[in-house]
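Novice: Have a look at this one before I ask anything.
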Amino acid sequence: MTVKDIVRATGGRLLCGSEDVEIKSISIDSRRIPADALFVPLVGEKTDAHRFIGQAFDLGAAASLTSEHEEMKDNRPWIRVEDTRTALQAIGRFYRERLTLPLVGVTGSVGKTTTREMIAVALSAGFRVFKTSENHNSQVGVPITVTEIAAKDEIGVLELGISLPGEMPVIAGIAQVDMAVVTNIGTAHIEQLGSRENTMREKLRIQDGMKEGGILFLNGDDPLLRKQKAKPGCRTVYYGLGENCDYRAEEMNLVAGYPAFTADCRGHRLRVSLGVAGEHNVTNAMAALAVADAYGVDLDAAAQKLSSFHGYKNRQQIFESRGVTVIDDTYNASPASMLAALKVLMSTNQPGRKVAVLADMKELGRESGRFHREIGEWLAMHPVDLLVTYGELALEIENGARAGGGAGAYRHYPPESREALKAELPTMLKPGDCVLLKGSNSMKLAEVAAALR
């Protein structure tokens, strides 16, 4: 795009510089800005990035938005807008409307990133695929992600994440997906969204930008989603394990600890083996096969691609360190994802002990204590050899487990003791043990996992 395009997209005003300057990318980080990028200075609760505009230009920015300047004398383009965040979203919509490739949107309470990755892998059997990088799935991340799609890309898979009411219509209006996948409805962000029913309503707004004739893929095993239908003019497809699912996994078993199953894709049956652990990933794989089939990808080729997928950073990454098997699932946590991770731990067949290192699950609202205790109550029925809890809320996991005798031993670390946990955990583990690390991202258990690695 050019500066002229940016002015037109945002309804802004060019204060100085040439409108013919070419913009090759967009950045909100003045410290790591690519050459010829547009700098978007966002105004946050703690920092107003307008004070970094000069730094961005010094590092090679081609132009900058501003909502704080009315006049400027410079040979570099400064574009006046009313609100830089809203302007960034307008640029994303403008760019999306110029794209002709189809886009698949993925949302849900748990498993968005892994499902996004598996869909991209399955589609790669037939297309050159663009996908959201890292976790750029927000009101700020999605418009930047859309502008990163290049002419060589043939299909795109975008992750759309929300934490507040009203966010999805904004994001969906930018992405304007052709097909949408909803993974599940859980308790993630329930503190802000209020209830699972509210969460479902917000997630289904992904259809707001979906074009007529699109397909809504729903997890047919989710008790709320299985009752939902696509908006008028669009089609509903269910995937999962149940008889109600159009794309269904059957005859599951474990091969070297990883799931293998028969996929029934509208009558086309094929055997699938995964390189990621956990029954929940079988459901994610069925979503990937359903989307691939909708776009005409050969299902056997898509299944072969899925077998080569080995997960995503800090999301159930399994590695061995000094004879100890480590399950690093530290990226984030909700009750559903924590139970899924614990089931993976239980399914392992290492000769030593099973050790669970569980930290706080954030943003669960007034019922946080109950959600944590319920994890402990589950552990009382599926005991581990050692339960290590870290954080104020995580202590409720221990309390729930103790009530039913759910561990051979317990250790608790208060919120300020992460360094002690990092130093002491390796001394608790022995060759042959299997240890799971799981907690909300803000608890920084990833540092503990990295120390083990």
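The values are calculated or read from the model by the stated rules, or taken from the named source; none is laboratory data. Bear in mind that the values here come from a model prediction, so they are computed numbers and not experimental data. Here the Cβ is made from the backbone with ideal geometry for all residues, glycine too, and neighbour counts use every protein chain on show. The area values use the complete protein model at the heavy-atom level, side chains included, leaving out ligands, DNA and RNA. Shrake-Rupley method; radii C 1.70, N 1.55, O 1.52, S 1.80 Å.
Novice: Please go through region 395-413 and give me each residue that is loosely packed, with under 14 Cβ neighbours inside 10 Å and assigned to a loop (DSSP other than H, G, I, E, B), ordered by number.
Specialist: Hit for region 395-413 is GLY405, nothing else.
Novice: What is the residue count in region 344-365 for residues that are open to solvent by 10 Å² or more (accessible area, probe 1.4 Å) and at pLDDT 90 or above?
Specialist: So the count comes out to 6.
Novice: Pull up region 123-135, narrow it to residues that are surrounded by fewer than 17 Cβ atoms within 10 Å (Cβ to Cβ) and not charged (D, E, K, R), then point me to the one that is farthest from GLY156 (Cα to Cα).
Specialist: ASN135
Novice: Any chance region 88-108 includes a residue that's more than 25 Å from the chain's Cα centre (by Cα), among the hydrophobic types (A, V, I, L, M, F, W, C) and part of a strand (DSSP E or B)?
Specialist: Looking for residues that are more than 25 Å from the chain's Cα centre (by Cα), among the hydrophobic types (A, V, I, L, M, F, W, C) and part of a strand (DSSP E or B), one finds none in region 88-108, hence no.
Novice: Which of the residues spanning region 250-295 are surrounded by 13 or more Cβ atoms within 10 Å (Cβ to Cβ) and assigned to a loop (DSSP other than H, G, I, E, B)?
Specialist: GLY257, LEU274, GLY275, VAL276, ALA277, GLY278, GLU279, TYR295
Novice: Could you look through region 431-443, keep only residues that are surrounded by fewer than 16 Cβ atoms within 10 Å (Cβ to Cβ) and modelled with pLDDT of 95 or more, and pick out the one that is farthest from ALA340 (Cα to Cα)?
Specialist: PRO431
Novice: Take the residues in region 162-175 that are open to solvent by 20 Å² or more (accessible area, probe 1.4 Å) and under 16 Å from the mean Cα position of the chain (by Cα); name whichever of them is farthest from ASN332 (Cα to Cα).
Specialist: GLU167
Novice: Still on this structure, I have one more. Mind checking whether some residue in region 75-83 is assigned to a loop (DSSP other than H, G, I, E, B), open to solvent by 20 Å² or more (accessible area, probe 1.4 Å), of a type in the set (Asp, Glu) and out of contact with any Ser or Thr (no Cβ under 7 Å at 6 or more places or on another chain)?
Specialist: Looking through region 75-83, none of the residues is assigned to a loop (DSSP other than H, G, I, E, B), open to solvent by 20 Å² or more (accessible area, probe 1.4 Å), of a type in the set (Asp, Glu) and out of contact with any Ser or Thr (no Cβ under 7 Å at 6 or more places or on another chain).
Novice: A further question follows. Would you confirm, using the coordinates I've provided, whether GLY111 is small (Gly, Ala, Ser) and buried (at least 23 other Cβ atoms within 10 Å of the Cβ)?
Specialist: yes
Novice: Which residue, of SER67, SER109, is modelled with pLDDT of 95 or more and in contact with a helix residue (DSSP H, G or I) (Cβ under 7 Å, 6 or more places away or on another chain)?
Specialist: SER67
Novice: Any residue that is among the β-branched types (Val, Ile, Thr) and without any contact (Cβ under 8 Å) to a residue 24 or more places away in the chain - is there at least one of those in region 291-299?
Specialist: Looking through region 291-299, none of the residues is among the β-branched types (Val, Ile, Thr) and without any contact (Cβ under 8 Å) to a residue 24 or more places away in the chain.
Novice: Of all strands (runs of 3 or more DSSP E) completely enclosed by region 5-64, which ones contain at least 1 residues that are among the basic types (Lys, Arg), open to solvent by 20 Å² or more (accessible area, probe 1.4 Å) and under 13 Å from LEU88 (Cα atoms)?
Specialist: none
Novice: Sticking with this structure for a sec: Among the numbered conditions (1) open to solvent by 70 Å² or more (accessible area, probe 1.4 Å); (2) free of Cβ contacts under 8 Å to residues at least 24 places away in the same chain, tell me where ALA450 comes up short.
Specialist: The number of the failed condition is (1).
Novice: I need a count of the residues in region 312-343 that are open to solvent by less than 20 Å² (accessible area, probe 1.4 Å), over 16 Å from GLY111 (Cβ atoms) and part of a loop (DSSP other than H, G, I, E, B).
Specialist: Count: 0.
Novice: Related question: Taking into account only those residues within region 142-161 that are open to solvent by 10 Å² or more (accessible area, probe 1.4 Å) and part of a helix (DSSP H, G or I), which is farthest from PRO41 (Cα to Cα)?
Specialist: THR147
Novice: Give the residues of region 194-239 that are more than 27 Å from ARG366 (Cα to Cα) and hydroxyl-bearing (Ser, Thr, Tyr), sorted by residue number.
Specialist: Across region 194-239, the qualifying residues are THR236, TYR238, TYR239.
Novice: Kindly indicate the residue of region 177-198 that is at pLDDT 90 or above and in a helix (DSSP H, G or I) and also nearest to ILE149 (Cα to Cα) among those meeting that condition.
Specialist: If we take residues in region 177-198 being at pLDDT 90 or above and in a helix (DSSP H, G or I), then ASN198 is nearest to ILE149 (Cα to Cα).
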